[in-house]
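One structure, as structure tokens, below. Some questions next.
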Amino acid sequence: MKKAKRNIIIVTVLFFVCAAVYLNWSYNHSWGRADEAMVEAEDAAMAAAKAEGAEAEEAFDYFAEARLTRQTSRDEALSLLQTAAASESASQETIDGAMDAISAMAQWSMQETQVENLLIAKDFDDCVVYMSDDSVTVAVPAPMEGLSEAAVARITETITAETDYDATQLRVIEIKPGTAQEEGVDASATADDALAPAASASPAAAEASPAA
């Protein structure tokens, strides 16, 4: 009888020991899997954050470079006009033409800044506006699927309300993330119903499709 009780106690102890070993292994193993999953999730989140940062930096570089190029071109043109107007051999017609061009450039520069500020206030992350005698170009960030009709409508309404240009003179350039691609949007279709179908442009030539 005592021997039977002893055997039962031994078997019971062994059972609990085995159970404890199994539970300990199962606990450690499950936590190990959770840790691996957590590390993978953190790596994925970090990679996504880096990709978004790279895209944002690329877009920022585009707009910063575009503003610098615009300013450089204007400065060079102004210098030439001022030289022509100051020339002793310049006719009055040449002087008047140069002064009119200088005045127009000053007006464009002021309006470009105003329109850029208005578009940024209308939920565009950034933008660059370039005005000339017969056209206005607006470059804005765009998702990979392109600008929505509502976004193009906001641009068109801002240009037509704040400047003397109409929708047929407007060109919209889409700057998409993760690529060097620029795509033009035909804004002339927005004149009546604020709709703007997209049209591809050559990235190498850095041109947008004309709005006309």
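The values are calculated or read from the model by the stated rules, or taken from the named source; none is laboratory data. Here the structure is a predicted model, which means the values were calculated and not measured. Glycine also receives a Cβ, built like all others from the backbone with ideal geometry; neighbour counts cover every protein chain displayed.
Which members of region 130-159 meet the condition of being in contact with a helix residue (DSSP H, G or I) (Cβ under 9 Å, 6 or more places away or on another chain) and free of Cβ contacts under 8 Å to residues at least 40 places away in the same chain?
The answer is Met131, Ser132, Asp133, Asp134, Val136, Val138, Val140, Arg154, Ile155, Glu157.
Then there's this: Could you please find all residues in region 141-173 being under 27 Å from Gln107 (Cβ atoms) and in contact with a Pro (Cβ under 8 Å, 6 or more places away or on another chain)? Steps first, answer last, please.
As a first pass, look at region 141-173 and keep what is under 27 Å from Gln107 (Cβ atoms): 141, 151-173.
Result: Pro141, Arg171.
Is it the case, given these coordinates, that Met105 is under 25 Å from Glu65 (Cα atoms), over 17 Å from the mean Cα position of the chain (by Cα) and of a type outside the set (Ser, Thr, Tyr)?
Answer is yes for this residue.
Can you spot a residue in region 136-145 that is more than 14 Å from the chain's Cα centre (by Cα) and of a type outside the set (Asp, Glu)?
Yes, that holds for at least one residue.
Is it fair to say Ala90 is of a type outside the set (Lys, Arg), surrounded by 12 or more Cβ atoms within 10 Å (Cβ to Cβ) and part of a helix (DSSP H, G or I)?
Taking the combined requirement at face value, the residue does not satisfy it.
Per-residue answers, yes or no, for (1) of a type in the set (S, T, N, Q); (2) at pLDDT below 90; (3) part of a helix (DSSP H, G or I); (4) over 28 Å from the mean Cα position of the chain (by Cα):
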| position | (1), (2), (3), (4) |
| --- | --- |
| Ala51 | no, yes, yes, no |
| Glu55 | no, yes, yes, no |
| Arg74 | no, no, yes, no |
| Ile95 | no, no, yes, yes |
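How many residues are in a loop (DSSP other than H, G, I, E, B) and crowded, with 18+ Cβ neighbours inside 10 Å if we restrict to region 104-152?
5
For Ala101, which of the numbered conditions (1) in contact with a Leu (Cβ under 9 Å, 6 or more places away or on another chain); (2) of a type in the set (Gly, Ala, Ser); (3) assigned to a loop (DSSP other than H, G, I, E, B) fails to hold?
In the conditions (1) in contact with a Leu (Cβ under 9 Å, 6 or more places away or on another chain); (2) of a type in the set (Gly, Ala, Ser); (3) assigned to a loop (DSSP other than H, G, I, E, B), Ala101 misses (3) alone.
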